[in-house]
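Written out below as structure tokens is the structure these notes cover.
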Amino acid sequence: MELSVVGAGHVGLVTGACFADLGHSVMMVDNDAKRIANLKRGILPYYEPGLEELVERGVRERRLRFTTSIKEGVATCTILFIAVGTPQKATGEADLAYVERVARAIARHLSGYRLIVEKSTVPVQTGQWVAHTIRTYLKRKQPFDVASNPEFLREGTAIEDFMKPDRVVLGVESKRAKELLCALYKPLGVPIVVTDIKSAELIKHAANSFLAMKISFINAVAQLCERCGADVQQVAEGIGLDRRIGRSFLDAGAGFGGYCFPKDLEAFINISEQLGYDFELLKAVRSINEQQKRSFALKIQRALWVLKGKTIGVLGLAFKPNTDDMRYAPSIDVIEYLQGEGARLKAFDPQVTTEAKRLFPKLMLCQDPYEAARGADCLVILTEWNEFKELDFKRLKRLLRQPLIVDGRNLYDPEPLRALGFRYVGVGRGG
Ligand code: UDX
């Protein structure tokens, strides 16, 4: 099938590259000329495991092409995905200016039937507005459909999430749109949920908010565990094996971050307000997360008594492993607090460098975990990168000024570390 994807960001590029790999002919459109020029040379705008190979193969086999011209994108396809950014406005609502601009451009160049699919995370009723905008700006009457196909991919595992999703959600309102999208996704062999457009739009925000709620729930339980001497990981195991609850997204830690959860949660609270409903539950999810990040920073302070003049080694800056993304990462809040209290910080992250330098000019970036530990009063874990799991702890103990580990991702088993002479502080692990 001939596909176009407008927006070569995280969702758009993965979508385009994966569809090309499945044998479709894909035109990627982005108005960022530098990004397109780089992509043509195989340079990706961000790190995502496996994506470089996929893009390289797509380009080599001429199934994946790039352009800055939306006209070209509209001209060459049957299905056009809108995957442009929907950043957060100061009010918390999603900024739909890019989506609207794309809808207008589509209208200008439309000639013959096209199926326009929202892939960006958008508030409910956006589909309606996209259709209205296209109709309004069309030069002469043309047949088209609008559909919603929300994406559930996670950074770091985006390709697998695309190729083997738990389900595909299709919000459609015509037989033609349904048939086209079902045919496109059928080869994946996964359940396809067909809904109306508004329900599909709601599913995306509801799913992300629900997952954020699970994390805040377990983080609140972690607070209780710390106060009464219980272990949150055992509690998570005990409740998670109940199939009605499920074990995933029940890992307590220094709070959730990333470009999706905080933004989508905020947007969903906002959408609810606009629809006349006060979604108090989600406000609590947001506030528990803020408290969790703060409480983690205070945990480090308690372990060190006074922060001023102390050196702290940080392992992990990305909001989660296997990404170079630091947007809304809990590490930002924690570093801000510790530096604000006068601590000197050294950090190592396998992927994040440029953004950390920009945000924290005083942060010393290290080449490996051992350099971050050298001379530090404490080692703080903020991202559970695999390579932090098996460190040479004897060496770390020699390098640290104080053998203290504050583990914001409960990455380590406390007992062996304590046996080696470390003071170990986790999250929700009995204080
Ligand atoms: C999320 C959704 O999972 C995905 O479906 C959607 O399309 C985009 O948003 P992503 O932001 O890539 O994906 O990351 P995810 O793996 O969901 O983690 C989000 C945050 O929650 C991270 O900061 C992570 O550390 C935190 N988290 C996750 C926890 O604190 N505990 C958990 O148990 C799980």
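Annotations
Here is a yes/no grid of residues against (1) within 20 Å of the chain's Cα centre (by Cα); (2) of a type in the set (Asp, Glu); (3) more than 16 Å from the ligand (Cβ to nearest atom):
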site	(1), (2), (3)
305	no, no, yes
320	yes, no, no
324	yes, yes, no
329	yes, no, no
335	no, no, no
344	no, no, yes
368	no, yes, yes
383	yes, no, no
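- Residues that are surrounded by 20 or more Cβ atoms within 10 Å (Cβ to Cβ) and either over 18 Å from residue 161 (Cβ atoms) or of a type in the set (Ser, Thr, Tyr) (or both) within the stretch 186-201 comprise 197, 201, listed in sequence order.
- Residue in the stretch 297-315 that is at negative phi, in the same structural domain as residue 256 (by TED's automatic domain parsing), at pLDDT below 95 and not in a strand (DSSP E or B) present: no
- Test: residue in the stretch 290-298 that is touching a Pro at 6+ places or on another chain (Cβ under 9 Å) and either surrounded by fewer than 20 Cβ atoms within 10 Å (Cβ to Cβ) or of a type in the set (Ser, Thr, Tyr) (or both): no
- The residue pairs whose first member lies in the stretch 132-159 and is at positive phi, whose second member is crowded, with 16+ Cβ neighbours inside 10 Å, and whose beta carbons are closer than 6 Å, counting only pairs six or more residues apart or on different chains, are 156/322; 156/323.
- Residue that is surrounded by the fewest Cβ atoms within 10 Å (Cβ to Cβ), among those in the stretch 1-36 that are closer than 13 Å to residue 70 by Cα and among the acidic types (Asp, Glu): 32
- Residue selected from the stretch 326-385 under the condition hydroxyl-bearing (Ser, Thr, Tyr) and in a helix (DSSP H, G or I), by the criterion surrounded by the fewest Cβ atoms within 10 Å (Cβ to Cβ): 354
- Residue match in the stretch 406-426 (condition: open to solvent by 80 Å² or more (accessible area, probe 1.4 Å) and in a strand (DSSP E or B)): yes
- Test: residue in the stretch 260-275 that is out of contact with any Ser or Thr (no Cβ under 9 Å at 6 or more places or on another chain), in a loop (DSSP other than H, G, I, E, B) and surrounded by fewer than 17 Cβ atoms within 10 Å (Cβ to Cβ): yes
- Selected residue (criterion: surrounded by the fewest Cβ atoms within 10 Å (Cβ to Cβ)) from residues of the stretch 146-169 that are within 16 Å of the ligand (Cβ to nearest atom) and of a type in the set (A, V, I, L, M): 163
- Across the stretch 180-234, the number of residues qualifying as in a helix (DSSP H, G or I) and either within 12 Å of the ligand (Cβ to nearest atom) or closer than 30 Å to residue 428 by Cα (or both) comes to 29.
- Among the conditions (1) more than 20 Å from residue 321 (Cα to Cα); (2) part of a helix (DSSP H, G or I); (3) open to solvent by less than 10 Å² (accessible area, probe 1.4 Å), the only one that residue 395 does not satisfy is (3).
- Selected residue [assigned to a helix (DSSP H, G or I), open to solvent by less than 50 Å² (accessible area, probe 1.4 Å), over 24 Å from residue 138 (Cβ atoms) and without any contact (Cβ under 8 Å) to a residue 60 or more places away in the chain] from 44, 39: 39
- Residue selected from the stretch 241-259 under the condition within 10 Å of the ligand (Cβ to nearest atom) and free of Cβ contacts under 8 Å to residues at least 60 places away in the same chain, by the criterion surrounded by the most Cβ atoms within 10 Å (Cβ to Cβ): 250
- Single residue of 57, 135, 104 found to be under 27 Å from the mean Cα position of the chain (by Cα), at pLDDT 95 or above and surrounded by fewer than 19 Cβ atoms within 10 Å (Cβ to Cβ): 57
- Any hit, the stretch 178-192, residues being farther than 24 Å from residue 77 by Cβ, aliphatic (A, V, I, L, M) and without any contact (Cβ under 8 Å) to a residue 60 or more places away in the chain: no
- Scanning the stretch 44-63 for residues being farther than 21 Å from residue 77 by Cα and touching a Lys or Arg at 6+ places or on another chain (Cβ under 9 Å) gives a total of 1.
- Condition met for residue 285 (outside the structural domain of residue 87 (by TED's automatic domain parsing) and away from the ligand (no atom under 14 Å from the Cβ)): no
- Qualifying residue in the stretch 242-257 (condition: of a type in the set (Val, Ile, Thr) and over 27 Å from residue 156 (Cα atoms)): no
The values are calculated or read from the model by the stated rules, or taken from the named source; none is laboratory data. Given the structure is predicted, the values throughout are model-derived calculations rather than measurements. Here the Cβ is made from the backbone with ideal geometry for all residues, glycine too, and neighbour counts use every protein chain on show. With ligands, DNA and RNA removed, areas are computed over all heavy atoms of the protein, side chains included. Shrake-Rupley method; radii C 1.70, N 1.55, O 1.52, S 1.80 Å.
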